[in-house]
Amino acid sequence: MHLAAQLGLLMFVATGVAMLCARARLPYTVGLVVAGVLLDWLPLGLTLQLSRELVFSVLLPPLVFEAALRLPWPTLASSAITGRSRRPTPWP
């Protein structure tokens, strides 16, 4: 399978995971981890090599940004002032 086809398949899977996570009210990152494990177990013949630089500079920042957007602001403010969270908050 060519590199472009592999990347297209991964983008298609990521889009499906985003839609499923929105319906199931799960964090996107959890869905991506589950999808990644499932793709690894399936015999699809994906041979995409990921370098450390690619993961840390391209793949990780959007995931951290998405998690920060979903963080409740009162929780962030209280933990910034006290250094810890007052109470755990459930996911919306």
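Computed from the coordinates by the stated procedures, all read-outs in this text should not be read as laboratory data. All values reported here derive from a predicted model rather than from experimental measurement. Ideal geometry is used to build each Cβ from the backbone, glycine not excepted, and the neighbour counts take in all protein chains shown.
Contact list please: Cβ distance under 8 Å, first residue in region 66-81 and closer than 26 Å to G31 by Cα, second residue among the β-branched types (V, I, T) and not in a helix (DSSP H, G or I), pairs at least six apart or on different chains.
P72/T89; T75/T89
For region 35-65, name all the residues that are under 22 Å from L3 (Cα atoms) and of a type in the set (V, I, T).
Within region 35-65, V37, T47, V55, V58 meet the criteria.
Hey, among the residues in region 12-61 that are more than 14 Å from the chain's Cα centre (by Cα) and in contact (Cβ under 8 Å) with a residue 12 or more places away in the chain, which one's nearest to P72 (Cα to Cα)?
Residue satisfying both the conditions and the ranking: L39.
Mind counting the residues in region 1-57 that are part of a helix (DSSP H, G or I) and farther than 20 Å from R70 by Cα? If you could, list the steps in order and put the result at the bottom.
Restricting attention to region 1-57, the residues satisfying the condition of being part of a helix (DSSP H, G or I) are 3-24, 28-41, 52-57.
Those still in the list that are farther than 20 Å from R70 by Cα too: 3-13, 35-41, 52-57.
Residues flagged as part of a helix (DSSP H, G or I) and farther than 20 Å from R70 by Cα within region 1-57 amount to 24.
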